[in-house]
């Protein structure tokens, strides 16, 4: 949107633009196709107060269940003193919202949240300026509350004050903000702002969207990753009434007015594919990581190996896109965490300027790092272009669990030594392929050696909630217990002995106290474990109690206690919801989630074969939130997941004396 | 259908889910897996929680179907919907319409379920965001009221 277009689109009122030069430099800004920028590159967010008093905020962030829509609304309410119902949050629309790199890395709270507060605070000052001007009163006599500015017996709504104005102000992102200790609305549990639309089924996800004349499309995928098409006989599909076939090189798709018809048609395609020899399968892949390490493998001997399986995100809404070409402009509605990234993919694919591609992201049926790219969007747009009709491409569960990407598998090798008193004196840690997030130990160990090794991955891999921090914490915290066992120190005492970071100590102590660590009673088949860590600005400690069936070895997690500290808490209830959700999701990767693959195929790409946590798997979960009002707020969607796997692994060792050095633990 | 008769002229072999969503524009029932594993597609058929992705539309002719859109009169909330809101029992929300209808059916046949009965009754529903403890809380709050409140 061009600046002069704001008021044309929005009507009169006031607009605040937030100029975030630092963010633009850090992120490189949007990639431009050579045309003049539609908006200044450095704009982080903007806010409009219209003549009806509606406050509209525009941000490139998206809502995927982490409740950013609600927390960002709180930011506006906090500064602007307006009821939450008067705030409209326009998110993830590349024509309307400023560029944003994406919703990942727990960045919404530390970066976007203060930006929106600054924009709202500036708008508040503009409203006060307007009242001063209109009423000729002293600024100090004005009060602002509930969407109104008042002075003595005078009072006006925001809409009345903004009426007839066309006033834009650009503010720097460095404006100081009120301390968390003084928050009135932030820091409290505002309910989910669109909760009612969820419980009534009114909210439209990408899967639910329709356009007139729309066709449902299916894509013909090869039987193996990377297989090339040799020949295609589409005659049977083409003969079906209403069915259209698109064939461009290796890309083959069908479309029909009904989704069942499209499914029948794609099954009727007769294709021959050139077979591929797969590099590794899910059992041999760990050696493969080491063989293909780009910088060579670790030289040290006596390293203890741990393995991490590939797992799937399994967002309950499989990826989906609806594409429509109109007058040379492409509009795609799709659930993605990177609307501007998907726009770039479309721009590159079709070789058209950015302003002719619009990506709109409806609040999405979760992502967990799994919806960073635009696969479904590219398919839908390609088929829509070929057929000249709006096209819907809703992925099935099998497609989602085969053709998206996975959390990387990994091999991690670790070694360490302790002095007789339990002080860690040596630490060596090598991660192959799974990633560098959370690689570095938060404990005080002088001279530690920690290395991430790039390797070849036989599967397409990518982001996942917490990235590799889960794998690295699992191995580090399991091995911490191995070291503690060597010197016969209690796992809690061993951690506190080696932790110098006070925030780390605080969560460890808080979790242990709530759990009743010191008073725990060992009985046959029962075990207790603790794990801690630091990631993305947040500190976490997790305690788990497990019961291990002596006959089957089946593990049941009975109880989990999480202490979490992410600076000043923005919304305690939603934070607890995230912490609980992270524990539940983390249980799956800890205990039983594993993508089984080989011969270039996924063997368990269905929910009947790939187990995810259910009601019966859920332990009693207790969360302790350490609200540090003196610290800036960090994101919280990811970090609480990193402690549950090692806490369970350590509890299993405590229960049966067996150290399991793999994820999932129950494979 | 949601309190009144509704006719559609479609192939009887199509799934109830796709007819609801694509022909009747009732998109509250969600596709999650297509094989009855996640229950996001749950609707009530004669009061029984039914996975619409595995149900042929021909099999429900003449039966009473309630989808999330028809659970409460326009502008009102069913007590189970309200309980989910009160417990903040949702994150992305994609599983929630199915969960709510599953809970309505559970409370219909057992107005006072204990925790073990709630787990058994709801175990077919997947929430990948992990809001299970909150769904438990929402249903617990209604136990004893038969979901009627």
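The values are calculated or read from the model by the stated rules, or taken from the named source; none is laboratory data. Here the structure is a predicted model, which is why all the values come from computation and not from measurement. FYI the Cβ positions are ideal-geometry reconstructions off the backbone, even for glycines, and counts take in every protein chain you see.
Identify, from the list A:357, A:414, the residue that is assigned by TED's automatic domain parsing to the domain that holds residue A:636, over 30 Å from residue B:38 (Cα atoms) and buried (at least 21 other Cβ atoms within 10 Å of the Cβ).
A:414
Give the residues of region B:87-106 that are in a loop (DSSP other than H, G, I, E, B) and either in contact with a strand residue (DSSP E or B) (Cβ under 9 Å, 6 or more places away or on another chain) or surrounded by fewer than 24 Cβ atoms within 10 Å (Cβ to Cβ) (or both), sorted by residue number.
Across region B:87-106, the qualifying residues are B:87, B:88.
Any chance you could count how many residues in region B:69-88 are in contact (Cβ under 8 Å) with a residue 24 or more places away in the chain and more than 9 Å from chain A (Cβ to nearest Cβ)?
Adding up the residues that qualify gives 4.
Among (1) in contact with a helix residue (DSSP H, G or I) (Cβ under 8 Å, 6 or more places away or on another chain); (2) within 14 Å of chain B (Cβ to nearest Cβ); (3) surrounded by fewer than 24 Cβ atoms within 10 Å (Cβ to Cβ); (4) within 17 Å of residue A:666 (Cβ to Cβ), which single condition is residue A:559 missing?
The number of the failed condition is (4).
Only one of (1) within 14 Å of chain B (Cβ to nearest Cβ); (2) touching a helix residue (DSSP H, G or I) at 6+ places or on another chain (Cβ under 6 Å); (3) touching a residue at least 60 places away in the same chain (Cβ under 8 Å) fails for residue A:215. Which number is that?
Going through the list (1) within 14 Å of chain B (Cβ to nearest Cβ); (2) touching a helix residue (DSSP H, G or I) at 6+ places or on another chain (Cβ under 6 Å); (3) touching a residue at least 60 places away in the same chain (Cβ under 8 Å), residue A:215 breaks only (2).
Can you tell me which residue in region B:46-65 is nearest to the other protein chains (Cβ to nearest Cβ), limited to those that are under 22 Å from residue B:121 (Cα atoms) and surrounded by fewer than 19 Cβ atoms within 10 Å (Cβ to Cβ)?
Among those that are under 22 Å from residue B:121 (Cα atoms) and surrounded by fewer than 19 Cβ atoms within 10 Å (Cβ to Cβ), it is B:54.
Of the residues that make up region A:275-283, is at least one modelled with pLDDT of 95 or more, within 14 Å of chain B (Cβ to nearest Cβ), within 30 Å of residue A:337 (Cβ to Cβ) and surrounded by 16 or more Cβ atoms within 10 Å (Cβ to Cβ)?
No, the conditions are met nowhere in region A:275-283.
Filter region A:449-463 for residues that are surrounded by fewer than 17 Cβ atoms within 10 Å (Cβ to Cβ) and free of Cβ contacts under 8 Å to residues at least 60 places away in the same chain and give the result.
Within region A:449-463, just A:449 meets the criteria.
Given the residues A:607, A:587, which is the only one that is in contact (Cβ under 8 Å) with a residue 12 or more places away in the chain, at the interface with another protein chain (Cβ under 9 Å from one of its Cβ atoms), surrounded by 20 or more Cβ atoms within 10 Å (Cβ to Cβ) and in a helix (DSSP H, G or I)?
One residue alone meets the criteria, A:587.
Within region A:614-625, track down each residue that is at the interface with chain B (Cβ under 7 Å from one of its Cβ atoms) and either touching a strand residue (DSSP E or B) at 6+ places or on another chain (Cβ under 7 Å) or part of a loop (DSSP other than H, G, I, E, B) (or both).
A:614, A:618, A:621
Would a scan of region A:319-327 turn up a residue that is outside the structural domain of residue A:614 (by TED's automatic domain parsing), outside any strand (DSSP E or B) and without any contact (Cβ under 8 Å) to a residue 12 or more places away in the chain?
yes
Quick test of your reading of the structure: residue A:596 fulfils all but one of (1) surrounded by fewer than 24 Cβ atoms within 10 Å (Cβ to Cβ); (2) more than 27 Å from residue A:287 (Cβ to Cβ). Name the failing condition by number.
That leaves (2) as the condition not met.
Report yes if some residue within region A:547-554 is in a strand (DSSP E or B) and within 19 Å of residue A:649 (Cβ to Cβ); otherwise report no.
Yes, region A:547-554 contains a residue that is in a strand (DSSP E or B) and within 19 Å of residue A:649 (Cβ to Cβ).
Looking at A:371, A:385, A:392 in this structure, which one is at pLDDT 95 or above and part of a helix (DSSP H, G or I)?
Checking each option against the conditions leaves just A:385.
Would you pick out the residues in region A:445-475 that are part of a loop (DSSP other than H, G, I, E, B) and under 27 Å from residue A:648 (Cα atoms)?
Listed by number, the residues that qualify are A:445, A:448, A:462, A:463, A:464, A:465, A:466, A:467, A:468.
Of all residues being within 7 Å of chain B (Cβ to nearest Cβ) and in contact (Cβ under 8 Å) with a residue 12 or more places away in the chain in region A:197-207, which is surrounded by the most Cβ atoms within 10 Å (Cβ to Cβ)? Just the residue, please.
Per the stated criteria, the residue is A:207.
Quick grid of which residues meet (1) modelled with pLDDT under 95; (2) assigned to a strand (DSSP E or B); (3) closer than 30 Å to residue A:408 by Cβ; (4) out of contact with any strand residue (DSSP E or B) (no Cβ under 8 Å at 6 or more places or on another chain):
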position	(1), (2), (3), (4)
A:188	yes, no, no, yes
A:196	no, no, no, yes
A:222	no, no, yes, no
A:229	no, yes, yes, no
A:241	no, no, no, yes
A:247	no, yes, no, no
A:273	no, yes, yes, no
A:286	no, no, yes, no
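Among the residues of region A:230-245 satisfying the criterion of being under 25 Å from residue A:320 (Cβ atoms) and surrounded by fewer than 17 Cβ atoms within 10 Å (Cβ to Cβ), which is farthest from the chain's Cα centre (by Cα)?
A:240
List the number of the failed condition for residue B:116; all other conditions in (1) free of Cβ contacts under 8 Å to residues at least 24 places away in the same chain; (2) within 9 Å of chain A (Cβ to nearest Cβ); (3) within 20 Å of residue A:584 (Cβ to Cβ) hold.
Tallying (1) free of Cβ contacts under 8 Å to residues at least 24 places away in the same chain; (2) within 9 Å of chain A (Cβ to nearest Cβ); (3) within 20 Å of residue A:584 (Cβ to Cβ), residue B:116 fails exactly one: (2).
For region A:249-271, how many residues meet the condition of being in contact with a strand residue (DSSP E or B) (Cβ under 7 Å, 6 or more places away or on another chain), surrounded by fewer than 18 Cβ atoms within 10 Å (Cβ to Cβ) and assigned to a loop (DSSP other than H, G, I, E, B)?
Looking only at that region, the number is 2.
Does residue A:579 count as more than 27 Å from residue A:69 (Cβ to Cβ) and either modelled with pLDDT of 95 or more or surrounded by fewer than 24 Cβ atoms within 10 Å (Cβ to Cβ) (or both)?
No.
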